[in-house]
Every structure is written in C-alpha cells, then in structure tokens.
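One structure is given here, and the rest of the page talks about it.
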Amino acid sequence: MKRRLIFSTALALAALSACAESPIRPPSPPLTYDRLGSLMQVSVVDRATGRELPIYRYRGEYWVAGRPGSRYAIRARNAMGERVMAVMSVDGVNIVTGETAGVLQNGYVFSGGERSDITGWRKSDSQIAAFEFTSVGNSYASRTGRPADVGVIGVALFRERVPAAPIVLPQRDGYGSNREMERRSEAPSAVAEAAPAAPAAQSRSADSALGAEASASAKGELARRSPSLGTGHGRRETSHVGHTTFERAQSTPDEVVRIRYDSRENLIAAGVIPVPPPPPRWPRPEGPSAFPGSEMGYVPDPPARY
C-alpha cells in the first residue's frame, strides 16, 4: 500500500511538471498592413505621433482605428515614374471641392515618386480645414446633410493619357533636326482641373475596384455599436497647392483604395481587432475553498502548542 502511494505521487508530480513546461501558445497576431495600393501607396497617419496607423483586414475590407479628437492625414506616395491623379474622398465627400464624391471630379496630381500628406479639406490654394476624428453627428458630412457614408476614406487613381508621338519626315537638305518636346511644369500636389476622359477601358486593378463596394454584413455589425467616428471640419491650417491640367487615360479608375475607420473599442467589439483571451482562472466558489492556494509542496509541521 505504501509503495503504491509513493508510485502514484511520483506520477502525479511528473505529470504536473510536464504541464508546467508546456505553456499555452499565444493567439496568432491579426493580419495588418502599413499601406495599401500599387500605383500609389496610401496610409493614414496620426499627426500627434507621426505614425502610420495599422490597417486591419477583416472580411475583405480594410480598417484603421481612430481616436476621437485626434487629427489625421492621408499619406500618399506615387509608386510610378509618371504623373498620377488621385481623386480623394472622406465620408463620401470630395476633399477638394466639397461635392458628393464622384471618381471623375477634381483631385490632386502627384509627380513620379512624389509623396505628400493630405491633412484636411481644401479651403483655398493656401488653406485647409484639418481632418480630425469626431462623432458622427459632428462630422462634416453629417453637418452638410450627407451622413450615409460616414466612416470611409477613398482614393481613386488615374494614369495620364500619353499623346501619340508626332511623325517627323526627314528634311531634304539633311540639316534639320527634331525639336525636343517641352515638358509641362508640375506643382507638387497640384489640384487638377477635370478634363475630358478617354474612352473607357477595362480597369487595371479589378480587385481594388471591387473593394469600393460596401460590405453589407460589416455595416450591419457596426451599426449596432455606438458611438461611431466621423471626420470633422477642423481648424484652419496653411497648405499651398498649384493648378495643372490632367487628361485621364480612361474614364474608370486604374485603381481604387478604400479604407474604413472607427474607434478601437468598436472595432474590437465587431471582431475587426482580435484580442487575446484572458488567462484561465479557477472559479472561486462561495464559502470555503477546496484549493485556496495553487503552489505545489508538502505538508508542513503545525506550529508548537502554547
């Protein structure tokens, strides 16, 4: 009997030691991105910290978590060696003209490789009203009677139509030479006036264009959370732009980048941002506990009697 007891105790201790050496694996991290897009890399920047907000992918859509009251910028970098036009919208409103957003409206023109932070609603050639996360009711879209599309940032990208090279006939005397074509002057982040588009062609980025359609299931989930975030019409800041012309290569965007946003609490509640589960705990019953301590040891001697 004594031998069996010692043998069983040894087995129990060995099993407990094995369990202690096998910690629970932490959950895998969520799938996140720093920026989106191929023609142009787009991200959202917290202007207080200067950091790009992580972009979470959830059910085919991309999300960032904003903080109420904080200012943000749309950071865009032209990944091409040519000019690209970006028509930008926030909450369904064109950030340059204030119109209900459409892809054939005016936007910003970026030179090849150019990067710029777009920090607000364009008020003039020298001023903007800062983007800032706020309540839906205080968003610029809601205050102008357009609350239906609050909570989304969109960038429609167009490549420029390249004119056909002129045919040069050789001169009879052999002394003529071709003139070098003059390049048009380009202002950084220039505002492009809308120009007639070329005949429509198939989009170069069909997957991105499909992302511009709303996800009804995700909308339904976040509709039950409150309060959600919108983008307010913040304080005036200095921001200079020039004007240029830009002729689109086609009437449909070559690429569409779409990023939705809400508060971190709402994104956690909707499952967009996963959180690790709390460590398991033994339930403590009412009354005396059968196992009030969790440390393993042996029975000590009782204190001496007085």
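Anything in the stretch 228-239 that is farther than 23 Å from ARG77 by Cβ, out of contact with any helix residue (DSSP H, G or I) (no Cβ under 7 Å at 6 or more places or on another chain) and open to solvent by 30 Å² or more (accessible area, probe 1.4 Å)? List them, or say none. Listed by number, the residues that qualify are ARG235, ARG236. Evaluated against (1) at pLDDT 95 or above; (2) surrounded by fewer than 16 Cβ atoms within 10 Å (Cβ to Cβ); (3) small (Gly, Ala, Ser), ALA201 falls short on exactly one condition, (1). The number of residues in the stretch 29-54 being in contact with a Phe, Trp or Tyr (Cβ under 8 Å, 6 or more places away or on another chain) and either open to solvent by 40 Å² or more (accessible area, probe 1.4 Å) or closer than 17 Å to LEU157 by Cβ (or both) comes to 9. For ALA73, the test of being surrounded by fewer than 24 Cβ atoms within 10 Å (Cβ to Cβ) and assigned to a strand (DSSP E or B) is passed.
Screening GLU99 with (1) crowded, with 18+ Cβ neighbours inside 10 Å; (2) among the charged types (D, E, K, R); (3) closer than 23 Å to ARG248 by Cα gives one miss only, at (1). Kindly indicate whether any position in the stretch 152-173 is touching a Ser or Thr at 6+ places or on another chain (Cβ under 6 Å) and modelled with pLDDT of 95 or more. Within the stretch 152-173, one or more residues are touching a Ser or Thr at 6+ places or on another chain (Cβ under 6 Å) and modelled with pLDDT of 95 or more.
Say whether the condition of being surrounded by 14 or more Cβ atoms within 10 Å (Cβ to Cβ), part of a loop (DSSP other than H, G, I, E, B) and among the small types (Gly, Ala, Ser) is met by at least one residue in the stretch 113-132. Looking for residues that are surrounded by 14 or more Cβ atoms within 10 Å (Cβ to Cβ), part of a loop (DSSP other than H, G, I, E, B) and among the small types (Gly, Ala, Ser), one finds none in the stretch 113-132, hence no. Scanning the stretch 240-256 for residues that are part of a loop (DSSP other than H, G, I, E, B) and open to solvent by 30 Å² or more (accessible area, probe 1.4 Å) yields a count of 5.
Among residues that are part of a loop (DSSP other than H, G, I, E, B) and touching a Phe, Trp or Tyr at 6+ places or on another chain (Cβ under 9 Å), MET80 is included.
Selection over the stretch 133-147 of residues that are buried (at least 19 other Cβ atoms within 10 Å of the Cβ) and closer than 18 Å to VAL96 by Cβ gives a count of 3.
If you go through the stretch 46-65 and keep only what is among the aliphatic types (A, V, I, L, M) and in contact (Cβ under 8 Å) with a residue 24 or more places away in the chain, you end up with ILE55, VAL64, ALA65.
Would you confirm, using the coordinates I've provided, whether ALA141 is at pLDDT 95 or above, part of a strand (DSSP E or B) and over 22 Å from ASN78 (Cβ atoms)? No, not satisfied.
Would you check if TRP63 is farther than 17 Å from ASN266 by Cβ, in contact with a helix residue (DSSP H, G or I) (Cβ under 9 Å, 6 or more places away or on another chain) and not in a loop (DSSP other than H, G, I, E, B)? So TRP63 does not fit the description; no.
The values are calculated or read from the model by the stated rules, or taken from the named source; none is laboratory data. What you see is a predicted model; the values in this text were computed from it and never measured. Cβ sites come from the backbone with ideal geometry, for glycine too, and all protein chains shown count toward neighbours. Just the protein is used for accessible areas: all its heavy atoms, side chains included, with ligands, DNA and RNA removed. Shrake-Rupley method; radii C 1.70, N 1.55, O 1.52, S 1.80 Å.
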